[in-house]
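One structure is given below, encoded as structure tokens.
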Amino acid sequence: MNYLEAADPQVADLIQKETQRQALVLRMIPSENYASDAVLAACGSILANKYSEGYPKARYYQGQEFIDGVESLAQERARDLFGAEHANVQPYSGSPANMAVYLGLLGKTGRVMGMDLAAGGHLTHGAKASFSGTYYDVRHYGLQRDSGMIDYDAARQLALEFRPQMIFTGASSFPRIIDFAAFGEIAREVGAYLIADISHISGLCISGDHPHPFPHVDVITFTTHKLLRGPRGGMILCSQELAPKIDKAVFPGLQGGPHDQTTAAIAVALKEAASPEYSQYCHQVVKNAAALAQGLLDRDFTLVTGGTDNHLALIDCGANGLTGKVLAEACEAAGIVANANKIPFDPRPANDPSGFRLGTPALTSRGMKEAEMDLIAGLVAQVAANMNDASALANIKEMVADLCAGFPAPGIHL
Ligand SMILES: Cc1ncc(COP(=O)(O)O)c(C=O)c1O
């Protein structure tokens, strides 16, 4: 930071302010976290200076003796950690990773099934607004209206009628276990590739808090910057058989040179994730989400599916006469930062939906536990009761800052 302050005080000042913000607020967007100092160091290293199109030992530029070592290490650690035959660690992020799977396994067009955005799926699982719903013929499976759980029978029926070539599973805002084995049966029955996008739950699949997608799926994709606590990036895991198709789709199909500094930081994050402490962390993420959900239920909030099995909870704000957006904005004024979100069968539009999505990965990285989650549920209730009272919200923000001061965040140095 000293170099940056001297060279560019404006950028340094903005980073300093964002550092303060990340220290002093409760960061509860379920897809965010705190990367360690070691991950940040690798990510900000001189590896950013290098170009290395291609793969280890098959590059299009010279000078790769150490870069090959970095990428090979990241691949090896990913294979070991997830029990995969092959790892591609080059996707620039989660969406490009998913795009590479479409391109590699289907080519330019094809029939795909994915979970609906409103049901908790991701844009890249076939939403019309994304490349996936624009170029591919997509049908969505969804949830049972009464329970909010995935409707596997309806998904199977749809698959039998539609005969997809590829089925995407995984979610951005689904608070329950995904039955990869059930999807595996459906995919085999119709001869479709099965993909698990575990961006949100990658860590839980490592720690055993969520069933592992292998051996039920053909391909796993995920972002490296959510629960995994790595840099912003993406990864694809698959069999040796599918590896050439996937690798060719990533490079040269979609990307040029890999971001070697990111690859190094991914390698560091994978080493951290292989430790017993990381599994403990994931167990605590789940326990904290359960405590948060219970705390919210105790205070008369309504949760989609009535609770959670993973790292997030989704409030149906309509039951409290609110929308997700107004609650998200009032919570932000009180130092609780999460996001408005669609809920299943949401009658409201995406820019002002009914849901408010809260997650525990970042708070758990600060060392918070069940007692703090109950306290935070109480603070959210106080916000909901004082939506238009700026001074009440400011008071809550002070309480939040006091709470945060007791739980220093990894990688944050004030
Ligand atoms: C399930 C899932 N897949 C893919 C992505 C896309 O990741 P990125 O924003 O890095 O492109 C996300 C992002 O939130 C996600 O939740």
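Note down the nm distance, to one decimal, between modelled labels 7 Å out along Cα→Cβ at Asp352 and at Asp300.
2.4 nm
Among the DSSP beta bridges whose two residues both lie in the chain, what percent are antiparallel, rounded to the nearest 5? Provide the component values of the computation, followed by the final result.
Details: 20 of 37 bridges.
About 55 percent, rounded to the nearest 5.
Can you give the calculated 222 nm mean residue ellipticity of the chain, where each DSSP H run of n ≥ 4 adds -39,500 (n - 2.57) and the sum is split over every residue, rounded to the nearest 500 deg cm²/dmol?
Numbers: 16 runs with 183 residues, N = 414.
It comes out at -13500 deg cm²/dmol, rounded to the nearest 500.
Starting from the Cα of Lys271, draw a straight line to each of the aspartates and glutamates and keep only those under 12 Å, dropping any in the same chain fewer than 8 residues away.
Partners within reach: Glu76, Asp80.
Does the chain come out rounded, prolate or oblate by the C-alpha gyration tensor, with a ≥ b ≥ c the root eigenvalues, rounded set by a/c under 1.5 and, if not, prolate when a/b is larger than b/c and oblate if not?
Values: a/c = 1.88, a/b = 1.15, b/c = 1.64.
Oblate is the answer for the chain, as a/c is 1.5 or above yet b/c matches or exceeds a/b.
Pairs to check: Lys17/Lys50; Lys325/Lys397; Lys226/Lys342. Give those whose C-alpha atoms are more than 22 Å from each other in this structure. If you can, show how the numbers build up before the last one.
Working: Lys17/Lys50 30 Å; Lys325/Lys397 18 Å; Lys226/Lys342 20 Å.
Violating the 22 Å limit, Cα to Cα: Lys17/Lys50.
Can you give the FRET efficiency to the nearest 0.05 for Ala129 and Glu189, using r as the Cβ-Cβ distance and R₀ = 35 Å?
Working: r = 30 Å, r/R0 = 0.87.
The calculated FRET efficiency here is 0.70.
Show me 332-341, 208-217 ranked by packing, highest mean number of other Cβ atoms within 10 Å first.
Result, highest mean first: 332-341, 208-217.
Considering only protein heavy atoms, what per residue accessible area in square angstrom results for the chain with a 1.4 angstrom probe? Provide the component values of the computation, followed by the final result.
Details: 17300 Å² over 414 residues.
Heavy-atom SASA per residue in the chain reads 42 Å².
I'd like the FRET efficiency for Ala182 and Arg145, computed as 1/(1 + (r/R0)^6) with the beta carbon distance as r and R0 of 22 Å, rounded to 0.05. Mind showing how you got there, number by number?
On the way: r = 19 Å, r/R0 = 0.86.
My answer for the efficiency is 0.70.
Expected output is a single nm value to one decimal: the length gained when fully extending between Ala48 and Asp389, i.e. 0.36 nm times separation in residues minus the C-alpha distance. What is it?
Numbers: separation 341, 0.36 × 341 = 122.76 nm, distance 4.72 nm.
Result: 118.0 nm gained on full extension.
What is the magnitude of the charge dipole of segment 40-273 about its Cα centre, with +1 placed on the Cβ of each Lys and Arg, -1 on the Cβ of each Asp and Glu, and no other charges, expressed in debye to the nearest 20? Present the calculation step by step, with values, prior to reporting the outcome.
Working: 20 positive and 23 negative charges, 95 e Å.
That gives a dipole near 460 debye.
Give me the percent of accessible area attributable to carbon and sulfur for the chain, probe 1.4 angstrom. It would help to have the intermediate numbers written out before the result.
Numbers: 9120 of 17300 Å².
Here carbon and sulfur together make up 53 percent of the probe-accessible area.
Give the dimensionless ratio obtained when the Cα radius of gyration of segment 40-273 is divided by 2.2 N^0.38 Å.
0.99
Using a Förster radius of 35 Å, what is the FRET efficiency between Lys108 and Tyr61 based on their Cβ-Cβ separation? Nearest 0.05, please.
Values: r = 29 Å, r/R0 = 0.83.
E(calc), rounded to 0.05, equals 0.75.
The values are calculated or read from the model by the stated rules, or taken from the named source; none is laboratory data. Model, not experiment: these values are computed from the prediction. Because the Cβ atoms are built from the backbone with ideal geometry, glycine has one as well, and the counts that use them run over all protein chains shown. Quick note on the areas: whole protein, heavy atoms, side chains included, nothing else; ligands and nucleic acids left out. Shrake-Rupley method; radii C 1.70, N 1.55, O 1.52, S 1.80 Å.
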